[in-house]
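Novice: What follows is a structure written as structure tokens; I'll ask about it next.
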Amino acid sequence: MHWADVIAERLLERGGHHKIASGTSISGQPHIGSAADVIFADIIARAVIDKGGEAEVIWIKDDMDPLRSVPRQIPPEFEEHLGKPVCDLPDIEGEPYVDHFVKPFLEGLNKVGVHPVQVSGSEIYLGGQAVDLVRMALEKAPEVRIILEEVSGSKRPDDWLPFQAVCENCGRIATTKAYATDDEGRVLYRCEGGVAGKRRIEGCGHEGVAELDQGKLTWRLDWAARWKLLGITCEPFGKDHAAAGGSWDTASVIIERIFDYPKPIPLEYEHFMVEGGKMSKSKGNIVTLAEMLETVPPEVVRYVLARTDPMKHKDFDWAKIPQLMEEFERVERIYYGREEPAPREDPGDMRRLYELSLVSMPPMKSLVQVPYGHLLTLVQLYPDHDHLIAALRRTGELPEEDPEGHLERIRSKANNARAWIRDFAPEAMRFSVFDELSRETRDMLSVEQRTYLSALAKALETVAWDGESVQDVVFNLSKEVGLKPRDAFGAIYISILGRQRGPRAGFFLASMDREWVVARFREAGTGSNSTGTN
Ligand SMILES: [Zn+2]
């Protein structure tokens with residue numbers, strides 16, 4: 001059974017309606033790992049709904065978090081705002097700081113079929129929704145300190161309180177220390193400095209009194225408080241939170257003992273790696289969802305997350321996108337009954353994996369699949385998309401009738417392939433067709449190769465113009481004239497691309513205009529000049 005179905009069944013044993021939470025810190029541009037968190041939540045919600053339950057994805061933007069460092073795209077003047085809640089930062093390029101990062105992030109999520117209910121930390125705390133929970137946590141502060149010590153082994157001073165006030169003088173949240181409550185239950189704090197990210201930030205020295213809607217609970221209590229406030233029943237999170245004595249262990253005790261509410265069902269996952277390494281700003285290997293969507297279709301982003309157990313290693317490698325696409329396309333063909341699964345593969349599991357990868361349900365009735373591998377060739381042959389579509393119609397890969405919008409999907413996939421060729425293709429995979437056959441190029445051909453090309457030109461005049469048929473002719477003819485296949489294929493690539501290697505010949509040739517191909521081979525074979533001048 002798919003891992004999401006396993007969780008869905010556990011959830012449905014607890015009740016019929018579910019809220020699956022995810023959360024993102026917004027101090028800078030959220031990367032693909034943050035997107036994965038929300039997509040995991042969506043895959044679980046989809047599984048609950050498919051089993052007859054109700055489920056929604058709740059996405060919490062942590063905009064009460066302090067600015068920990070100034071992101072690369074942000075003016076360095078923002079240094080002076082370090083330690084302030086990100087919801088209070090000045091606008092960027094005419095829009096609120098948080099929106100500047102949230103908008104593209106949500107656009108990407110929408111493209112992969114994720115439409116979460118949005119909640120923000122500032123709404124919860126500054127909007128007063130969490131006041132009762134904050135009061136509860138403050139009243140039970142001695143027990144909170146005991147739990148923190150028992151579960152995570154960290155001993156807090158006797159005056160420690162689980163609250164971070166926003167300093168009314170300097171506006172920072174990372175610098176305040178709450179040390180007591182007054183008779184009215186308000187929080188007394190000192191702005192004495194603190195740590196945000198890896199940096200020490202000086203406080204302004206102010207001593208103040210905060211109402212309970214002028215700050216937030218400290219992280220582990222904050223996490224538990226949201227579960228209760230929002231009625232969360234399940235939450236995926238990265239394995240760093242799941243370490244023994246870590247935030248999950250602590251928050252799941254706090255939710256029961258301090259807030260008297262059942263803990264959600266957790267889904268622990270392994271973090272996304274990029275090209276074998278952890279993403280980090282210093283390594284400069286941060287990948288965003290928007291960047292990933294430039295080179296792969298949205299369903300493949302979901303597929304990457306749905307295909308294996310979330311705790312398994314997940315590595316994203318730009319160089320391996322063609323293999324990833326091939327793998328997904330195979331699952332797609334199995335789903336539509338075009339290909340048999342391998343004996344060790346469960347057909348039901350593969351169908352389920354495909355469904356959970358889809359951006360929307362139900363799937364299309366018919367499959368029109370133009371493999372990414374083909375598109376990598378086609379986009380180089382046809383920079384103009386209309387010409388590319390015309391070529392696909394010529395080879396019969398694209399039907400004239402298109403009631404299900406396949407054309408639009410292929411357009412989008414071709415754009416993905418174009419972006420991959422432009423940004424990531426190794427030199428060996430890039431090519432451009434010579435408009436004209438030069439004397440130097442012709443001189444690269446042996447006498448035997450020229451003879452072969454002349455014969456090939458003749459044979460191609462009448463063969464069925466599709467990849468398989470052309471491939472057969474190319475191959476069989478090389479045997480007939482006694483030319484090694486390597487030399488035969490070499491002759492083809494030299495006369496069209498000016499080099500020894502190229503894409504799979506049959507499909508490559510069939511993707512071009514027959515008249516043009518025949519004329520080019522005739523010219524290369526005999527030396528007569530008909531596709532251009534030199
Ligand atoms: Zn201050």
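Novice: When segment 204-221 is examined, which residues are found to be touching a residue at least 40 places away in the same chain (Cβ under 8 Å) and either in a strand (DSSP E or B) or within 16 Å of C87 (Cβ to Cβ) (or both)?
Specialist: Of everything in segment 204-221, those that are touching a residue at least 40 places away in the same chain (Cβ under 8 Å) and either in a strand (DSSP E or B) or within 16 Å of C87 (Cβ to Cβ) (or both) turn out to be G208, A210, D213, Q214, G215, K216, L217.
Novice: Considering only segment 420-504, give the helices (runs of 4 or more DSSP H) lying wholly within it that have at least 2 residues that are among the β-branched types (V, I, T).
Specialist: On the way: elements: 439-443, 447-460, 467-480, 485-497.
In segment 420-504, the matching helices (runs of 4 or more DSSP H) lie at 447-460, 467-480, 485-497.
Novice: Give me the pairs: first residue in segment 441-463 and touching a residue at least 12 places away in the same chain (Cβ under 8 Å), second residue open to solvent by 20 Å² or more (accessible area, probe 1.4 Å) and β-branched (V, I, T), beta-carbon distance under 7 Å, and six or more apart or on different chains, which are they?
Specialist: What qualifies is T451/V481; Y452/V481; S454/T526; A455/V481; A459/V473; L460/V473.
Novice: Residue by residue through segment 180-193, note down the ones that are buried (at least 17 other Cβ atoms within 10 Å of the Cβ) and either assigned to a strand (DSSP E or B) or within 35 Å of the chain's Cα centre (by Cα) (or both).
Specialist: Listed by number, the residues that qualify are T181, V187, L188, Y189, R190, C191.
Novice: Within segment 168-179, take every residue that is touching a Pro at 6+ places or on another chain (Cβ under 9 Å) and near the ligand (Cβ under 9 Å from one of its atoms) and give me the one that is least open to solvent (accessible area, probe 1.4 Å).
Specialist: By that ranking, first place goes to T175.
Novice: Which pairs have Cβ atoms under 9 Å, sit 6 or more apart or on different chains, and link a residue in segment 156-182 that is over 21 Å from G197 (Cβ atoms) to one that is part of a strand (DSSP E or B) and away from the ligand (no atom under 16 Å from the Cβ)?
Specialist: Pairs that qualify, where the first residue is over 21 Å from G197 (Cβ atoms) and the partner is part of a strand (DSSP E or B) and away from the ligand (no atom under 16 Å from the Cβ), are D159/A180; L161/A180; L161/T181.
Novice: In addition: Suppose we filter segment 206-221 for residues that are within 15 Å of the ligand (Cβ to nearest atom) and either of a type outside the set (A, V, I, L, M) or assigned by TED's automatic domain parsing to the domain that holds M64 (or both); how many remain?
Specialist: Qualifying residue count for the region: 5.
Novice: Only one of these is within 17 Å of T250 (Cα to Cα) and among the acidic types (D, E): E149, E184, E168. Name it. Walk me through it before giving the result.
Specialist: Numbers: E184 fails: within 17 Å of T250 (Cα to Cα); E168 fails: within 17 Å of T250 (Cα to Cα).
Just a single option satisfies the conditions, and that option is E149.
Residues checked against (1) in contact with a His (Cβ under 9 Å, 6 or more places away or on another chain); (2) of a type in the set (G, A, S); (3) over 18 Å from K281 (Cα atoms):
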| position | (1), (2), (3) |
| --- | --- |
| G23 | no, yes, yes |
| G53 | yes, yes, yes |
| R68 | no, no, no |
| P75 | no, no, no |
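Novice: Considering (1) farther than 30 Å from V296 by Cβ; (2) modelled with pLDDT of 95 or more; (3) in contact with a Ser or Thr (Cβ under 8 Å, 6 or more places away or on another chain); (4) not in a helix (DSSP H, G or I), say which one G128 fails and leave the rest.
Specialist: All conditions are met except number (3).
Novice: G203 fails exactly one of the following numbered conditions: (1) within 16 Å of the ligand (Cβ to nearest atom); (2) touching a Leu at 6+ places or on another chain (Cβ under 9 Å); (3) not hydrophobic (A, V, I, L, M, F, W, C). What is the number of that condition?
Specialist: (2) is the only condition that G203 fails.
Novice: How many residues does segment 221-236 contain that are open to solvent by 10 Å² or more (accessible area, probe 1.4 Å) and either more than 23 Å from P116 (Cβ to Cβ) or not acidic (D, E) (or both)? Working first, answer last.
Specialist: To start, the set of residues in segment 221-236 that are open to solvent by 10 Å² or more (accessible area, probe 1.4 Å) comprises 226, 228-231, 233, 235.
Next, only the ones that are either more than 23 Å from P116 (Cβ to Cβ) or not acidic (D, E) (or both) stay: 226, 228-231, 233.
Residues flagged as open to solvent by 10 Å² or more (accessible area, probe 1.4 Å) and either more than 23 Å from P116 (Cβ to Cβ) or not acidic (D, E) (or both) within segment 221-236 amount to 6.
Novice: Out of segment 224-252, which residues are over 21 Å from H271 (Cβ atoms) and either part of a helix (DSSP H, G or I) or of a type outside the set (S, T, N, Q) (or both)?
Specialist: Of everything in segment 224-252, those that are over 21 Å from H271 (Cβ atoms) and either part of a helix (DSSP H, G or I) or of a type outside the set (S, T, N, Q) (or both) turn out to be A224, A225, R226, W227, K228, L229, L230, G231, I232.
Novice: Let me ask something additional. For L477, only one of the following conditions fails: (1) open to solvent by less than 40 Å² (accessible area, probe 1.4 Å); (2) at positive phi. What is its number?
Specialist: Against the list (1) open to solvent by less than 40 Å² (accessible area, probe 1.4 Å); (2) at positive phi, L477 comes up short only on (2).
Novice: Right, another one. Evaluate the following for A165: is it surrounded by 19 or more Cβ atoms within 10 Å (Cβ to Cβ), at pLDDT 95 or above, over 29 Å from S280 (Cα atoms) and within 13 Å of the ligand (Cβ to nearest atom)?
Specialist: yes
Novice: Still on this structure, please answer the following. Please find, among V98, V86, V131, V144, the residue that is among the β-branched types (V, I, T), in contact (Cβ under 8 Å) with a residue 24 or more places away in the chain, buried (at least 16 other Cβ atoms within 10 Å of the Cβ) and more than 18 Å from T24 (Cβ to Cβ).
Specialist: So the residue among V98, V86, V131, V144 that is among the β-branched types (V, I, T), in contact (Cβ under 8 Å) with a residue 24 or more places away in the chain, buried (at least 16 other Cβ atoms within 10 Å of the Cβ) and more than 18 Å from T24 (Cβ to Cβ) is V144.
The values are calculated or read from the model by the stated rules, or taken from the named source; none is laboratory data. In this text the structure is predicted, and so the values were computed from the model without any measurement. Cβ: placed from backbone, ideal geometry, glycine included. Neighbour counts: every protein chain shown. The accessibility values were calculated without ligands, DNA or RNA, using every heavy atom of the protein model including side chains. Shrake-Rupley method; radii C 1.70, N 1.55, O 1.52, S 1.80 Å.
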